[in-house]
Structure formats: structure tokens, C-alpha cells
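Reviewing the structure listed below.
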Amino acid sequence: MTMAAPVVSERRRTRQLMVGSVGVGSGFPVSVQSMTTTVTADVNATLQQIAELTAAGCDIVRVACPSQDDADALSAIATKSQIPVVADIHFQPKYVFAAIEAGCAAVRVNPGNIKRFDDKVREIAAAARDHGTPIRIGVNAGSLDPRLMAKYGRATPEALAESALWEASLFAEHDFHDLKISVKHNDPVVMVRAYEILAERCDYPLHLGVTEAGPAFQGTIKSAVAFGALLRQGIGDTIRVSLSAPPVEEVKVGHQILQSLNLRPRKLEIVSCPSCGRAQVDVYTLAEQVTAGLEGMEVPLRVAVMGCVVNGPGEAREADLGVASGNGKGQIFVKGQVIKTVPEHQIVETLIEEAMRLADEVSQS
Ligand code: SF4
């Protein structure tokens, strides 16, 4: 019997909204977002990158819109993309309206740098309501509303939250509540506190992000730590891992974070030991070769790659498939049973063969 995966926390109860076909808020899975790095006006390149992100499992994609040429391209991109497209608007309110008219699934506005944003809220709310377009209020530490900067002196958690809640209240005055909020900061500690404040003070869905998180290694850790701290409290409805790396990497990391918290079904999971003085095989190479050989596997599969007999048989038995190595040989386990013992040089190919066979069984069942 398959046991239900333990949940990390009950989700915070939120309003719900639809970003195109993707439901956002409590009651819907936490979704993974990313952002294209192409010039949006280059429709083909942008659609090509969106297709790559879609294949990697991206749920919602955001595109920048810094010029009229980009705004003109939104309609074609929104129509042809297989996943909902969010237009990202800074500085120019006219592009908010263009994005809504173009049929984007949502529009992200940065109230800190859109000219006279507060004066435009009534018109934006009316246009968004007419088209059924949700708005994300995206506050960012680097472009915090000057009024909040003057009040707090820097982008504190309170300043970030207050900026977002102020803008949300302006939309609420026009009875517009199809809002999602983000308050990004590059410091995970500040960011976590800002989202906690928001979670206490409103019931809008929240989009999590550590902004300018850095290159892949640092950005992955910052995002995983911050998202883990928040998701542990049930806070967070969509996530974006910002990395100075190709956006497909952001999506992979996002999925891995959600899978680690059992917020997404686990797919391929390699349980490999760190190796130590008892190791009787090269665990690093073995784990890398097995991971590479099984890349892209879509069925849930837990594969244990263990260096010796201390924990090897135990972990290998618990996994769908595993190897406990020692004395130049590998004991291959499938569903808890030793099915064969192979020489070390055949461990990788045997594991991959058995994994493929198990995957076929799962797909046919
Ligand atoms: S399984 Fe064996 S080799 Fe791997 S870390 Fe544990 S004791 Fe060391």
C-alpha cells in the first residue's frame, strides 16, 4: 500500500484567482514560475524559450515589457504560449493597459517605479476587471516606493509589506481583489519576515521570491532556505527561484524545492550516501552516472546508491531500486529484494536497465 506523503504544513487560507488556466491560492498546488531572458519583441526567440520552460515544467512564465515593441509582441506571445504569460511592467502605466488588452494572463506591476501609480489604480482595476486579468503587486527592495523609503530609511520587512498592502488597499477601494502580492528582497531573513507580515495582514495569494539571489549555487540555497521557512508555515502560492543562470535551471530548482517538501509528487529521487572512509566504491561517480542516465525520468522512482554495507542494504531495501556496494561488487535491490549481484563496472548499467523496466511497469499500470 502506498502511504500518503506527510505534509509540511496546512496551507494558509487565501483568496483564489486564475492566472490563465492555472489556479493560484489555497486549494491549488503551489506553482512554479520563471521569467524569459529574451528580448520580448523577438517573438520567435521568446516563444522558443517559453517552450523550453514549458518542457521543464514551468507553470507560469513572465516576460519583460520595457518598450512599445515589446508591448506590441505580447498578443502573439500570449496567444501562442502553452502556459499563461504574465507581463512585467515597470515605469510606464501605458504598458499595463497594453498587456491587459493583449490578453496576458496577468500583469505584474511595480508600484514603486510606475509613474503616478496611485492615480492610475482606478483605471487599471477597471481594465483588469473587464478582461478578467489578475494583477500582481510586485514590490521589490531595489525599487521601493520613495515614500516608504523616506519613512523607514531602508527596505525593511515592514516597509516592503506596507508598500504592497497600501497598493492593495487602493485596488480594494475599487472593489478589485484579483491580486497576488510579492515583496522581494535579496536577504532571505528580511524577505521571510516581510511575507510573514503580509500573511498576518491579508488573505491575498503570495508569490515568493528572493530577488537577485545570485549565481546558481548561492541562489539555490537562498531560495530553498527562504521558501522552506515560509512554506513550512503554509505561506506561498507561487514561487520563482531567481538565478543568474538560464531560466530552465530556475524551474528545475523550483520543482526540487517543492518536491523536497512533498508539495509536488517526487519524481526521480537519488538517495546517495556522502561516502566516507568505509566506502568500497567511488560513490560520487556512481551517483553522478546514475543521475545522468536517468535524467528526465517522469515516473516517481527512488534510487539508492550506497557506498558500503553499513547503511547500504537498509537504504537500498527502502528504495524502489538500489545498490549496496562492497568488495568490487554491487548487490542490486528491487522493491526490497536482492535480485542480483553484479561486478562494480556493471552497477550503473544494471541500475539504469532496472530503472527503465520499473518505469515501464509504472507507465503501463
Ligand atoms: S553508506 Fe557506507 S560509505 Fe556511505 S557514508 Fe555510510 S558508512 Fe560511509
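No lab work stands behind these numbers, since they all come straight from the coordinates. All figures in this text were calculated on a predicted structure; none of them were measured in a lab. Ideal geometry is used to build each Cβ from the backbone, glycine not excepted, and the neighbour counts take in all protein chains shown.
Show the residue pairs meeting these rules: Cβ distance below 7 Å; 6+ apart or different chains; first residue within segment 90-118 and more than 19 Å from VAL43 (Cα to Cα); second residue assigned to a loop (DSSP other than H, G, I, E, B) and among the aromatic types (Phe, Trp, Tyr).
From residues that are more than 19 Å from VAL43 (Cα to Cα), the pairs are ASN113/PHE91; ILE114/PHE91; LYS115/PHE91.
Residue-wise test of (1) in a helix (DSSP H, G or I); (2) of a type in the set (Ser, Thr, Tyr); (3) out of contact with any Ser or Thr (no Cβ under 8 Å at 6 or more places or on another chain).
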| position | (1), (2), (3) |
| --- | --- |
| ALA98 | yes, no, yes |
| CYS104 | no, no, no |
| PRO111 | no, no, no |
| ASP118 | yes, no, yes |
| ILE124 | yes, no, yes |
| ASP175 | no, no, yes |
| LYS180 | no, no, no |
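Having 3 or more residues that are within 16 Å of the ligand (Cβ to nearest atom) and either buried (at least 17 other Cβ atoms within 10 Å of the Cβ) or among the basic types (Lys, Arg) (or both) is the bar; report the helices (runs of 4 or more DSSP H) wholly within segment 255-365 that clear it.
On the way: elements: 283-293, 312-318, 347-364.
Counting at least 3 such residues, we get 283-293, 312-318.
Of all residues in segment 211-268, which are among the charged types (D, E, K, R) and over 14 Å from the mean Cα position of the chain (by Cα)? Give the derivation first.
To start, the set of residues in segment 211-268 that are among the charged types (D, E, K, R) comprises 212, 222, 232, 237, 240, 249-250, 252, 264, 266-267.
Those that are among the charged types (D, E, K, R) and over 14 Å from the mean Cα position of the chain (by Cα): GLU212, ARG232, ARG266, LYS267.
Just one of (1) assigned to a helix (DSSP H, G or I); (2) farther than 22 Å from SER34 by Cβ; (3) of a type in the set (Gly, Ala, Ser) trips up ALA164, so point out which.
With (1) assigned to a helix (DSSP H, G or I); (2) farther than 22 Å from SER34 by Cβ; (3) of a type in the set (Gly, Ala, Ser) applied to ALA164, the lone miss is (2).
Being in contact with a strand residue (DSSP E or B) (Cβ under 7 Å, 6 or more places away or on another chain) and crowded, with 24+ Cβ neighbours inside 10 Å is the filter; apply it to segment 239-252 and report the residue that is nearest to ALA319 (Cα to Cα). Steps first, please.
So in segment 239-252, the residues in contact with a strand residue (DSSP E or B) (Cβ under 7 Å, 6 or more places away or on another chain) come out as 239-240, 242, 247, 250-251.
Now restrict to residues that are crowded, with 24+ Cβ neighbours inside 10 Å: 239-240, 247, 250-251.
Numbers: ILE239: 29, ARG240: 30, PRO247: 31, GLU250: 28, VAL251: 26 Å.
Here the answer is VAL251.
In the list ALA159, ALA155, which residue meets the criterion of being in a helix (DSSP H, G or I) and either free of Cβ contacts under 8 Å to residues at least 24 places away in the same chain or over 20 Å from ASP59 (Cα atoms) (or both)? Outline the logic, then answer.
Details: ALA155 fails: in a helix (DSSP H, G or I).
Step by step, each of ALA159, ALA155 is checked, and only ALA159 is in a helix (DSSP H, G or I) and either free of Cβ contacts under 8 Å to residues at least 24 places away in the same chain or over 20 Å from ASP59 (Cα atoms) (or both).
Has segment 63-70 got any residue that is assigned to a strand (DSSP E or B), in contact with an Asp or Glu (Cβ under 8 Å, 6 or more places away or on another chain), among the β-branched types (Val, Ile, Thr) and buried (at least 23 other Cβ atoms within 10 Å of the Cβ)? Outline the logic, then answer.
Initially, segment 63-70 is screened for residues assigned to a strand (DSSP E or B), giving 63-64.
Next, only the ones that are in contact with an Asp or Glu (Cβ under 8 Å, 6 or more places away or on another chain) stay: 63-64.
So of that shortlist, the ones also among the β-branched types (Val, Ile, Thr) come out as 63.
Filter again for buried (at least 23 other Cβ atoms within 10 Å of the Cβ), leaving 63.
Checking segment 63-70: at least one residue is assigned to a strand (DSSP E or B), in contact with an Asp or Glu (Cβ under 8 Å, 6 or more places away or on another chain), among the β-branched types (Val, Ile, Thr) and buried (at least 23 other Cβ atoms within 10 Å of the Cβ).
Restricting to segment 190-246, and then to whatever is without any contact (Cβ under 8 Å) to a residue 60 or more places away in the chain and of a type in the set (Asp, Glu), can you tell me which residue is nearest to ALA56 (Cα to Cα)?
GLU196
Can you find a residue that is of a type in the set (Phe, Trp, Tyr), away from the ligand (no atom under 16 Å from the Cβ) and surrounded by 18 or more Cβ atoms within 10 Å (Cβ to Cβ) anywhere in segment 207-223? Spell out how you get there, then give the answer.
So in segment 207-223, the residues of a type in the set (Phe, Trp, Tyr) come out as 217.
Keeping just the survivors that are away from the ligand (no atom under 16 Å from the Cβ) gives 217.
Then drop every residue that is not surrounded by 18 or more Cβ atoms within 10 Å (Cβ to Cβ), which leaves none.
No; the residues of segment 207-223 include none that is of a type in the set (Phe, Trp, Tyr), away from the ligand (no atom under 16 Å from the Cβ) and surrounded by 18 or more Cβ atoms within 10 Å (Cβ to Cβ).
May I ask you to verify whether VAL32 is out of contact with any helix residue (DSSP H, G or I) (no Cβ under 6 Å at 6 or more places or on another chain), crowded, with 16+ Cβ neighbours inside 10 Å and closer than 26 Å to VAL96 by Cβ?
Working: out of contact with any helix residue (DSSP H, G or I) (no Cβ under 6 Å at 6 or more places or on another chain): no; crowded, with 16+ Cβ neighbours inside 10 Å: yes; closer than 26 Å to VAL96 by Cβ: yes.
No; evaluated as a whole, the condition is false for this residue.
Would you check which residues across segment 261-287 are among the small types (Gly, Ala, Ser) and touching a residue at least 24 places away in the same chain (Cβ under 8 Å) and list them? Don't jump to the end; show me each part of the working.
In the first step, residues of segment 261-287 are kept if they are among the small types (Gly, Ala, Ser); the result is 272, 275, 277, 279, 287.
Across segment 261-287, the qualifying residues are SER272, SER275, ALA279.
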